[in-house]
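To keep things clear, I will list the structure first and then write my remarks on it.
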Amino acid sequence: MSSSPERRVSRREFDALFAEVRTWGRWTPADRGAWNRVTPDHVRRAAALVRSGAAVPLGLPWDTRPGPDNRRPALHHMTDLGDVEAPEPATYKDFLAVDYHGKAVSHLDALSHVAYEGRLYEGRPAREAIGAGGARFGTVAALGPLVTKGVLLDLPAVLGVDWLEPGQAVHARDVLAAERALGVTIDEGCAVLLRSGRFRRSRELGPWDSDAASAGFHVDAVPLLAERAVALLGGDGDSDLRPSPVEGVHSPVHALAVAAMGVPLLDNLDLEALSAACAEAGRHEFMIVVAPLNVPGGTGSPVNPVAIL
């Protein structure tokens with residue numbers, strides 16, 4: 001693993017990779033994509049991983065403060081201070097709103113979130129499937145909840161460092177090395193979470209513009225993840241290496257995972273507590289529960305996944 005500039009990947013090479021990992025036409029219903037891989041047997045096997053019963057939430061706090069990594073802060077204000085109803089009992093109400101696709105909110109990307117060359121997963125033309133009223137294909141409502149085996153690829157723990165530096169790539173060889181070092185196996189239907197140590201770095205050194213530079217998967221890791229038949233990919237970034245190594249494609253892992261493979265993404269998870277819990281337990285496999293909001297037409301959802309060890 002190196003933080004030196006990565007070899008540029010041409011669009012022609014990227015298009016060949018897109019065709020290699022594409023799973024169009026494989027599942028019904030198509031707009032659940034790779035979540036169709038997760039059967040009741042997968043859920044039962046995931047439940048068998050629960051030993052201590054420790055539940056670790058992975059969502060970030062609701063962030064209403066602007067910053068270099070939060071250009072569109074979430075909204076939170078009170079709408080009732082217990083002074084508008086008849087006495088007893090007093091009630092207090094608040095309002096929440098967020099433009100959640102970005103770097104500051106833990107969220108799930110559904111299959112309607114990403115199009116490559118104008119086409120969503122399954123080759124659906126994005127202009128036909130998505131309009132002002134939302135998406136008609138690949139919605140977060142179509143996904144529903146997911147319960148499966150989770151695997152934490154804790155790269156800083158493997159390398160003996162506090163964090164990966166922004167711009168540091170995770171290659172296929174690094175994924176294989178992490179499996180060996182952590183004693184885990186990425187297999188069919190599982191959720192793979194990549195810890196780069198982003199939030200530890202941010203808390204110690206201060207936030208930065210992670211759109212400009214962030215650690216993440218190099219595109220050469222994607223065929224391995226496709227071969228292992230993962231159902232979900234996520235991390236404490238947005239899975240993509242930035243700056244992108246692919247000419248003219250700013251989020252190549254998004255394009256490959258969502259639009260080609262039908263694999264939803266979990267972005268901006270706080271994996272620090274999970275890293276500590278896995279180290280204490282001596283294992284990096286667990287049950288993960290992902291329950292997005294049921295938003296008809298939604299391209300994703302804020303979410304607070306839970307890992308249970």
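Checked against (1) over 22 Å from residue 262 (Cβ atoms); (2) touching a residue at least 24 places away in the same chain (Cβ under 8 Å); (3) open to solvent by 60 Å² or more (accessible area, probe 1.4 Å), residue 64 passes all but a single condition, namely (2).
Take residue 124 and decide whether it is touching a residue at least 12 places away in the same chain (Cβ under 8 Å), out of contact with any strand residue (DSSP E or B) (no Cβ under 8 Å at 6 or more places or on another chain), surrounded by fewer than 24 Cβ atoms within 10 Å (Cβ to Cβ) and of a type in the set (Lys, Arg). Before you say what the answer is, go through the steps one by one.
Values: touching a residue at least 12 places away in the same chain (Cβ under 8 Å): yes; out of contact with any strand residue (DSSP E or B) (no Cβ under 8 Å at 6 or more places or on another chain): yes; surrounded by fewer than 24 Cβ atoms within 10 Å (Cβ to Cβ): yes; of a type in the set (Lys, Arg): yes.
Yes, satisfied.
Residues considered: 69, 94, 162. Of these, the only one that is without any contact (Cβ under 8 Å) to a residue 60 or more places away in the chain, open to solvent by 20 Å² or more (accessible area, probe 1.4 Å), touching a helix residue (DSSP H, G or I) at 6+ places or on another chain (Cβ under 8 Å) and of a type in the set (Asp, Glu) is 162. Residue under question is residue 227, and the condition is that it be out of contact with any Leu (no Cβ under 9 Å at 6 or more places or on another chain) and either open to solvent by less than 10 Å² (accessible area, probe 1.4 Å) or over 26 Å from residue 148 (Cβ atoms) (or both); does it hold? It is false that residue 227 is out of contact with any Leu (no Cβ under 9 Å at 6 or more places or on another chain) and either open to solvent by less than 10 Å² (accessible area, probe 1.4 Å) or over 26 Å from residue 148 (Cβ atoms) (or both). The condition (being modelled with pLDDT of 95 or more and closer than 18 Å to residue 262 by Cβ) is satisfied by just one residue among 165, 188: 188. Close Cβ contacts (under 8 Å, 6 or more residues apart or on different chains) running from residues in segment 271-287 that are in contact (Cβ under 8 Å) with a residue 12 or more places away in the chain and of a type in the set (S, T, N, Q) to residues that are open to solvent by 30 Å² or more (accessible area, probe 1.4 Å) and in a helix (DSSP H, G or I) comprise 275/157.
When each of 105, 84 is tested for being of a type in the set (Val, Ile, Thr), in a loop (DSSP other than H, G, I, E, B) and farther than 22 Å from residue 298 by Cβ, the lone residue that passes is 84.
Taking every residue in segment 238-258 that is assigned to a helix (DSSP H, G or I) and of a type in the set (Lys, Arg) and pairing it with any residue that is open to solvent by less than 20 Å² (accessible area, probe 1.4 Å) and modelled with pLDDT of 95 or more, at least 6 positions away or on another chain, yields no pair with a Cβ-Cβ distance below 8 Å. Those helices (runs of 4 or more DSSP H) of segment 120-194 in which 2 or more residues are not hydrophobic (A, V, I, L, M, F, W, C) occupy 126-129, 172-182.
Contact map, segment 1-12: residues that are under 18 Å from residue 251 (Cβ atoms) and in a loop (DSSP other than H, G, I, E, B) paired with residues that are at pLDDT 75 or above and open to solvent by 50 Å² or more (accessible area, probe 1.4 Å), Cβ distance under 7 Å, separation 6+ or inter-chain. Pairs shown: 8/247; 10/247. Reported count of residues in segment 186-211, each being touching a residue at least 40 places away in the same chain (Cβ under 8 Å) and more than 14 Å from the chain's Cα centre (by Cα), is 14.
Quick one: which of 44, 26, 32, 22 is modelled with pLDDT of 95 or more, within 23 Å of residue 291 (Cβ to Cβ) and surrounded by 14 or more Cβ atoms within 10 Å (Cβ to Cβ)? Full working, then the answer.
On the way: 44 fails: surrounded by 14 or more Cβ atoms within 10 Å (Cβ to Cβ); 26 fails: within 23 Å of residue 291 (Cβ to Cβ); 22 fails: within 23 Å of residue 291 (Cβ to Cβ).
Result of the check over 44, 26, 32, 22: 32.
Scanning segment 259-309 for residues that are open to solvent by less than 10 Å² (accessible area, probe 1.4 Å) and assigned to a strand (DSSP E or B) returns 265, 266, 267, 286, 288, 290, 300, 301, 307. Within segment 127-143, take every residue that is within 22 Å of the chain's Cα centre (by Cα) and open to solvent by less than 20 Å² (accessible area, probe 1.4 Å) and give me the one that is nearest to residue 261 (Cα to Cα). It comes out as 138.
Among the residues of segment 25-55, how many are part of a loop (DSSP other than H, G, I, E, B) and farther than 18 Å from residue 186 by Cα? So that I can check it myself, show each step before the final result.
Narrowing segment 25-55 to residues part of a loop (DSSP other than H, G, I, E, B): 25-29, 38-39, 48-54.
Cutting the leftovers down to farther than 18 Å from residue 186 by Cα gives us 25-29, 51-54.
Here the count works out to 9.
The values are calculated or read from the model by the stated rules, or taken from the named source; none is laboratory data. As the structure is a computational prediction, the values presented were derived from the model and not from experiment. Note that each Cβ is placed from the backbone with ideal geometry, even for glycine, and that neighbours are counted across all protein chains shown. The area values use the complete protein model at the heavy-atom level, side chains included, leaving out ligands, DNA and RNA. Shrake-Rupley method; radii C 1.70, N 1.55, O 1.52, S 1.80 Å.
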